[in-house]
Amino acid sequence: MSCPFNHSAGASEREHILHHGQACFDLISPGLRVSTAELNPAVLPLDWLLGTWQSDEPGEGSFPSITAFRYTETLHFSHVGQPVINFMFNAFHAESKKPLHRECGFIRIQPGTNRVAFILAQNSGLVEIEEGELTGQQLTLHSTALARTSFAKQPYVQQISRHIQLKPDGRLEQTISMALDGQPLTQHLHITYRRTD
């Protein structure tokens, strides 16, 4: 990854991190948190997401056109005092440990409302905007815009929905559904996590 910051000028790694923001650094070293900034009031309703979450048991992946699989996943939500939450999701095949999907991006809240937007990029070449509502400690989101690389693999994803909720026992649950060309919106992923920090 190239970086325009002048490391040769004797700048410390911390100065480099602060120059780019925690989200950029998370791409290089997820889990290392250096921000001491106060949480921006605009995203205070999402403070229950902050930290690192690890799947407590393998999640289930399925879709009519693929073989069902199990996966593990780590989620990392952080902030640098801006009115956004930064996130990085990393998934691995439960048996082979092979890396699977990776997602990173930002969460914003429309001021004065419970409207939430996820702006994210996936390692598959898909970029999305998902919008929806925050109700208590649960998020319900649906894709409003999708873009992909010109050489993305078919069939193309046409729609995504995501439901994230904090359960009474302290676990985080995520369910993702998707629609492809010729295939209606169908549950694709389901997993639960426990906070590790």
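More than 18 Å apart: what percent of Cα pairs in the stretch 43-160 qualify?
On the way: 4062 of 6903 pairs.
Distances greater than 18 Å cover 59 percent of the Cα pairs.
Nothing charged except the Cβ atoms of Lys and Arg (+1) and of Asp and Glu (-1): what's the magnitude of the dipole of the stretch 48-191 about its Cα centre? Round to the nearest 20 debye. Display every interim value, and only then the final one.
On the way: 11 positive and 13 negative charges, 58 e Å.
For the stretch 48-191, the charge dipole is close to 280 debye.
Applying a 10 Å radius around every beta-carbon, put 125-132, 39-46 in order of their mean neighbour count, most first. Write out the running numbers ahead of the final one.
Working: 125-132: 17.8, 39-46: 15.0.
So the peptides 125-132, 39-46, ranked by packing, come out 125-132, 39-46.
Report the charge-dipole magnitude of the stretch 70-130 in Debye, nearest 20, computed about the Cα centre from +1 at each Lys and Arg Cβ and -1 at each Asp and Glu Cβ. Walk me through the intermediate numbers first.
Numbers: 6 positive and 5 negative charges, 14 e Å.
Here the stretch 70-130 has a charge dipole of around 60 debye.
How long are the semi-axes of the equivalent ellipsoid of the stretch 113-168, taking √(5λ) for every eigenvalue λ of the Cα gyration tensor, in whole Å from largest down?
Numbers: eigenvalues 132, 24, 15 Å².
Each semi-axis is the square root of five times an eigenvalue, giving 26, 11, 9 Å.
Give the cross-link partners of LYS153 among the aspartates and glutamates, using a straight C-alpha distance below 18 Å as the criterion and excluding same-chain residues fewer than 8 apart.
Partners found: GLU103, GLU128, ASP181.
Apply the Karplus parameterisation 6.51 cos²θ - 1.76 cosθ + 1.60, with θ equal to phi minus 60°, to every residue of the stretch 175-182 and state each ³J(HN,Hα) to the nearest whole Hz, in sequence, with x for glycine and proline.
Each residue's phi maps through the Karplus curve to give 10, 10, 10, 8, 10, 10, 3, x Hz.
Ignoring ligands, DNA and RNA, what accessible area per residue does the stretch 58-125 give at 1.4 Å, in Å²? Please report the intermediate quantities before stating the final value.
Values: 3210 Å² over 68 residues.
Here the per-residue accessible area is 47 Å².
Heavy atoms only, probe 1.4 Å: what % of the accessible area of the stretch 46-85 goes to carbon and sulfur, would you let me know?
49
Compute the distance from the alpha-carbon center of the stretch 159-191 to that of the stretch 119-143, in whole Å.
About 10 Å separates the Cα centre of the stretch 159-191 from the one of the stretch 119-143.
The values are calculated or read from the model by the stated rules, or taken from the named source; none is laboratory data. Just so we're clear, the structure is a prediction, and the values are computed from it rather than from any experiment. Virtual Cβ from ideal backbone geometry, glycine too; neighbours counted across all protein chains shown. Please note that ligands, DNA and RNA were not included when accessible areas were found on the heavy atoms of the full protein model with its side chains. Shrake-Rupley method; radii C 1.70, N 1.55, O 1.52, S 1.80 Å.
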